[in-house]
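Participant: Pasting a structure here, questions to come.
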């Protein structure tokens, strides 16, 4: 099921990126000819916000977020695993808080209009709770996968190891 979710997220992100490129290109061409598409900039910004969260969820799933491991690489594998679990729990709490506040913001902005597009600003702010949920699911999946392989000492929650590079990604 998580593999299908990853494929769906990837397909939606690729579609969003394609639409953004087309919108920006069309806006530039139409502006050159004196017929600007004012709504296209707003729509590209809206789609870009959603694309950022889809990308962040994929990066979490693929353990692709940047990290600084200068100090923790000296820890023993078991200690590093527990440290990553502690940090992951802190991140999950933060994502939960952000999702709740993002939902509240979405409700508050439901009547507000987004630029010249005529859409509700809630379409913009709803990217926060949905994105936090996607990132949280990816992080929980990493935590479960790591827990199942905890005895080999080479699998971590969100830091890539040799085993992560040797296994192919979902897409």
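Participant: Does the stretch 65-117 hold any residues that are touching a residue at least 40 places away in the same chain (Cβ under 8 Å), surrounded by 15 or more Cβ atoms within 10 Å (Cβ to Cβ) and part of a loop (DSSP other than H, G, I, E, B), and which are they?
Facilitator: Those that are touching a residue at least 40 places away in the same chain (Cβ under 8 Å), surrounded by 15 or more Cβ atoms within 10 Å (Cβ to Cβ) and part of a loop (DSSP other than H, G, I, E, B): 115, 117.
Participant: Going by what's in this entry, would residue 26 be described as outside any loop (DSSP other than H, G, I, E, B) and closer than 30 Å to residue 139 by Cβ?
Facilitator: Judged against the criteria, residue 26 is not a match.
Participant: Separate question: Check residue 120 against each of (1) buried (at least 17 other Cβ atoms within 10 Å of the Cβ); (2) touching a strand residue (DSSP E or B) at 6+ places or on another chain (Cβ under 9 Å); (3) modelled with pLDDT of 85 or more and name the one condition it does not meet.
Facilitator: (1)
The values are calculated or read from the model by the stated rules, or taken from the named source; none is laboratory data. Remember, predicted model here, so these are calculated numbers, not experimental data. FYI the Cβ positions are ideal-geometry reconstructions off the backbone, even for glycines, and counts take in every protein chain you see.
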